[in-house]
């Protein structure tokens with residue numbers, strides 16, 4: 001009780017957009033009857049919380065908080081459940097909400113039902129029928145992991161041609177960095193035997209020829225991906241508005257759109273202007289879009305949300321995915337490259353000189369930089385570009401985020417600490433792709449993926465994420481994987497990098513808010529902060545570690561108002 005007492009009930013006088021709230025006025029809602037995990041070091045637990053005007057106005061004992069109740073106060077009985085801060089999305093792609101509603105789910109258990117090539121083809125056939133896709137219309141799927149199919153491969157171009165003779169077919173790899181296309185899809189984008197493989201890209205070829213076999217990765221894939229057919233703008237807006245429930249039911253009150261095109265930003269602005277968003281969305285324009293997004297002006301973060309949207313930085317990609325074998329490493333993979341390359345190390349997505357120029361442009365403008373980097377060679381590229389752009393002072397804090405930073409070496413992690421670069425880790429990889437990483441990179445290197453404990457020991461405060469739709473939106477399972485680090489096949493992967501449940505929770509709340517510069521208003525349950533809250537079925541910091549995944553999100557609250565309830 002002493003820790004709760006030290007937190008002391010604190011009723012603030014707040015001037016809010018809805019008007020003034022003062023100590024004399026009763027709270028609008030109070031939460032009692034359960035555990036409150038505040039994520040505040042000085043007092044990590046409390047008994048009750050009071051909310052008014054969209055903000056937390058008091059935290060303390062039940063007796064103290066009940067004194068703030070009035071005739072119109074809604075008393076929420078937690079009934080033994082747990083109240084935590086609203087989850088802050090470390091990295092995802094909000095526009096993937098459209099993909100999951102228009103494409104076939106080709107993932108393997110537990111994310112999907114595809115166990116064989118035939119299952120993938122059947123999933124594509126179902127979406128073709130459901131969406132009434134006639135001749136010439138693209139049939140698309142997402143989430144396919146060939147390593148988990150019985151045949152250990154994608155459906156071939158010939159198999160897709162046979163199953164869909166009248167339709168272009170496009171199956172996105174689970175990493176989101178490549179795809180398998182059939183003949184009609186290849187023809188639609190002019191990919192032929194004469195098409196050169198671009199720098200940083202992969203085009204699979206038929207044995208003994210230059211004829212494309214349908215496999216495209218990285219820079220051979222990204223230009224095509226950006227030109228895929230999509231629904232009309234009004235349909236997209238409807239899908240985004242309805243689809244945001246996936247975020248809300250996961251307890252996410254601040255989401256990220258992690259590589260945004262100008263037209264996507266325009267659509268999000270339109271949705272926000274019509275009041276269609278129930279959560280905040282941080283937008284990261286992709287580096288190639290910044291002139292269009294910023295009108296030729298230097299790239300800068302927006303300090304405030306407008307209609308629940310703000311630009312929070314700029315996104316750069318330096319390599320691919322380790323599960324797709326396109327992440328860039330300094331040493332060879334133990335397996336062949338995605339197109340059968342021997343001694344394959346992966347490649348940078350863009351030349352170092354290009355990455356250097358992009359980082360310089362973002363730093364000169366003052367925007368926060370978010371850099372996708374998975375392999376250690378890609379992390380080297382980020383560090384070199386940061387050093388060059390920092391005018392001899394790489395230790396100057398800039399808020400730079402290394403998105404994924406999966407296969408970071410210890411010396412690189414130490415440099416992150418010295419240069420104030422924050423990793424946004426992806427511990428879900430331990431479960432979904434851990435066994436694949438052991439096969440591709442070996443047990444020693446695979447055991448150090450997303451090394452949260454080592455980062456914390458160096459004073460780094462990492463975030464954690466789902467990279468939706470690479471993985472399902474599941475913040476509870478994100479906590480679970482950070483605490484347990486067990487693979488899909490049940491193998492322990494780097495147990496020395498396990499963190500405590502409270503540390504795992506902080507990574508997706510307070511530390512998530514910190515990378516957006518929003519820690520003063522989000523991420524913990526403290527007076528004065530926004531009343532972004534989540535009710536859980538149990539306390540993740542109190543149940544046995546192996547039981548964390550069984551916890552449910554019961555209710556999601558944004559600025560004091562319930563926006564989702566089971």
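Every number here is computed from the coordinates shown, using simple stated rules; none is lab data. Please read these numbers as outputs of a predicted model, since none were measured by experiment. For neighbour counting, all protein chains shown are included, and Cβ atoms are generated from backbone atoms with ideal geometry for every residue, glycine included.
The calculated 222 nm mean residue ellipticity attributable to helices in the chain amounts to -8000 deg cm²/dmol, summing -39500 (n - 2.57) over DSSP H runs of n ≥ 4 and dividing by all residues. Residues 448, 94, 425, ranked from the fewest to the most other C-beta atoms within 10 Å, line up as 448, 94, 425.
Quick check on segment 404-524: take the gyration tensor over C-alpha atoms, sort the square-rooted eigenvalues as a ≥ b ≥ c, and tell me if it's rounded (a/c under 1.5), prolate or oblate. Oblate, since a/c reaches 1.5 and b/c is not below a/b.
With a Förster radius of 35 Å, plug the Cβ-Cβ distance of residue 384 and residue 502 into 1/(1 + (r/R0)^6) and report the FRET value to the nearest 0.05.
Once rounded, the FRET efficiency stands at 0.50.
With 10 angstrom as the radius, rank 239, 180 by how many other C-beta atoms surround their C-beta, starting from the fewest.
Sorted ascending by nearby Cβ count, the order is 239, 180.
The simple Förster model, with R0 at 41 Å and r as the Cβ-Cβ distance, assigns residue 342 and residue 242 a FRET efficiency of 0.30. Here the gap between residue 545 and residue 115, fully extended at 0.36 nm per residue and compared with their Cα-Cα distance, gives a gain of 151.9 nm. Between residue 162 and residue 263, the simple spin-label model (points 7 angstrom out along Cα→Cβ) gives 3.6 nm. The convex hull drawn around the Cα atoms of the chain, when projected onto a plane and averaged over every direction, covers 25.6 nm².
Only Cα pairs under 8 Å and 6+ residues apart enter the sum, and on that basis the relative contact order of the chain stands at 16 percent.
Taking the fewest neighbouring Cβ atoms within 10 Å as the starting point, the ordered list for 68, 228 is 228, 68.
At an R0 of 45 angstrom, the distance between the Cβ atoms of residue 334 and residue 566 translates into a FRET efficiency of 0.55. Residues in segment 256-284, backbone N under 20 Å from the label point at residue 297 (7 Å along the Cα-to-beta-carbon vector): list them, ranges by number please. Label zone hits: 260-270, 273, 282-284. Modelled spin-label separation between residue 360 and residue 274, with each label point placed 7 Å from Cα along the Cα-to-Cβ direction: 4.4 nm. With the simple spin-label model, which puts each label point 7 Å out from Cα in the Cβ direction, the residue 189 to residue 393 separation comes to 4.4 nm. One chain, two ends: residue 152 and residue 75. Fully extended at 0.36 nm per residue, the span grows by 22.3 nm beyond their Cα-Cα distance. The gain in end-to-end length when the residue 520 to residue 62 segment is fully stretched comes to 162.4 nm, 0.36 nm per residue minus the alpha carbon separation.
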